[in-house]
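Chemist: Next up is a structure, given as structure tokens.
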Amino acid sequence: MPVNTTTAAAILKPSEVADLVVRPALAQSIAARATTLITIGTHNLRIPIVDSDPTAGWIEEAAEIPLSDMPMRELLVTPSKVAGLVKVSREAADDTSPAATTAIGDGLARDIARRLDYAFAGNLPAPAPKGLDSIPDGDLALVERDGAFENGDSLDDFARAASLIEEAGGSVTAWLASPTDALALATLKATTDGVTPLLAPDPTRAASRTIEGVPLLVSPAITPGTVYGIDKAVTYLVMREDTRVEVDGSRFFTSDEVAVRAVMRASFGFADPGRIARIAYPTP
């Protein structure tokens with residue numbers, strides 16, 4: 001892993017950046033797992049949105065086919081810069097072994113994954129891209145509860161959220177919840193004084209959590225008191241191709257350490273908020 005210790009220089013080839021930083025970051029990020037990933041080489045992406053489908057109909061043979069309109073608009077997504085910075089010893093940076101390179105890449109990948117998830121789930125100020133919490137209640141499928149999940153609850157709220165998405169022409173491909181809400185759901189009993197779990201285990205998917213067969217993805221980035229239902233077909237993660245990993249030895253000259261920086265540009269596109277559900281309840 002060659003290092004230039006005086007000026008910032010790329011220490012990984014593009015293919016190596018993808019293997020050691022980009023793919024691990026995306027694998028750990030619920031934002032990447034819940035969305036459709038689009039990689040671009042341009043400044044922004046224009047996603048076409050069809051506001052209403054054209055009208056077809058049954059007609060007589062040889063009759064004139066009626067002309068119908070298909071109103072369309074565009075969603076402009078411009079990736080923002082997300083960067084991670086770690087400090088490592090010069091020995092680690094100079095080490096050419098795969099283990100040393102992987103260790104550095106893992107740290108950067110975890111940092112970038114966290115930043116992606118908090119932006120995706122939240123409503124952070126610029127320059128961060130806007131996420132799920134920025135979508136007004138009136139624009140998405142909202143299901144409101146009076147309180148937290150308790151024993152004796154049913155999965156009716158999830159069924160209602162899924163139905164609202166289906167009415168909008170989509171389907172739930174993932175549920176997103178905070179660790180607090182995920183634990184509450186996992187420990188729910190079907191009755192107030194029973195021992196039978198509300199969420200029946202799936203022996204074919206022992207390592208995963210599901211609600212009515214749909215994966216439940218858990219992240220501290222999700223606000224407690226909110227569970228999201230996502231339709232992956234209209235929820236996008238847009239990422240630029242120019243992710244870089246660079247090193248500079250001047251910042252920590254006196255301690256003989258180097259700074260390793262990863263820079264990625266990404267943003268999110270919600271092409272049809274009506275196919276995103278928010279199950280919300282008040283928290284203390």
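Chemist: Among the residues of the range 226-270, what is the count of those that are assigned to a loop (DSSP other than H, G, I, E, B) and surrounded by fewer than 18 Cβ atoms within 10 Å (Cβ to Cβ)?
Modeler: Number of matching residues: 6.
Chemist: Working only within the range 56-85, note down all residues that are modelled with pLDDT under 75 and either farther than 29 Å from A266 by Cα or surrounded by 11 or more Cβ atoms within 10 Å (Cβ to Cβ) (or both). Let's see the steps before the verdict.
Modeler: The initial filter retains those residues of the range 56-85 that are modelled with pLDDT under 75, namely 68-72.
Hits for the range 56-85 are S68, D69, M70.
Chemist: Among the residues of the range 197-220, is there at least one that is modelled with pLDDT of 85 or more, closer than 28 Å to K81 by Cβ, hydrophobic (A, V, I, L, M, F, W, C) and crowded, with 22+ Cβ neighbours inside 10 Å? Before the answer, list the steps.
Modeler: Taking the range 197-220 and keeping what is modelled with pLDDT of 85 or more, we get 210-211, 214-220.
With closer than 28 Å to K81 by Cβ added as a condition, the list becomes 217-220.
Next, from what is left, pick out any that are hydrophobic (A, V, I, L, M, F, W, C): 217-218.
If we keep only those that are crowded, with 22+ Cβ neighbours inside 10 Å as well, we get none.
Checked against the condition, which is being modelled with pLDDT of 85 or more, closer than 28 Å to K81 by Cβ, hydrophobic (A, V, I, L, M, F, W, C) and crowded, with 22+ Cβ neighbours inside 10 Å, the range 197-220 yields no hits at all.
Chemist: Also: Residues in the range 139-165 that are out of contact with any Ser or Thr (no Cβ under 8 Å at 6 or more places or on another chain) and under 25 Å from V238 (Cβ atoms): how many?
Modeler: Residues meeting the conditions: 3.
Chemist: Which count do you get for residues in the range 34-83 that are in a loop (DSSP other than H, G, I, E, B) and closer than 19 Å to V263 by Cα? Walk me through how you get there before you give the answer.
Modeler: In the first step, residues of the range 34-83 are kept if they are in a loop (DSSP other than H, G, I, E, B); the result is 35, 41-44, 51-71, 78-79.
Subsequent filtering for residues that are closer than 19 Å to V263 by Cα retains 41-44, 78-79.
Count: 6.
Chemist: Which of (1) surrounded by fewer than 22 Cβ atoms within 10 Å (Cβ to Cβ); (2) within 28 Å of the chain's Cα centre (by Cα) does I279 not meet, given it meets every other one?
Modeler: Answer for I279: the failing condition is (1).
Chemist: For the range 149-172, what are the residues that are in a helix (DSSP H, G or I) and in contact with a Lys or Arg (Cβ under 7 Å, 6 or more places away or on another chain)?
Modeler: Just the residues of the range 149-172 that are in a helix (DSSP H, G or I), to begin with: 156-167.
Correct list: D157, I165.
Chemist: Pick from A161, A121: which is over 27 Å from K81 (Cα atoms) and surrounded by 14 or more Cβ atoms within 10 Å (Cβ to Cβ)? Step through it out loud before you land on a result.
Modeler: Numbers: A121 fails: over 27 Å from K81 (Cα atoms).
Just one listed residue meets the conditions, A161.
The values are calculated or read from the model by the stated rules, or taken from the named source; none is laboratory data. Keep in mind the model is a prediction, meaning the values are calculated, not measured. Because the Cβ atoms are built from the backbone with ideal geometry, glycine has one as well, and the counts that use them run over all protein chains shown.
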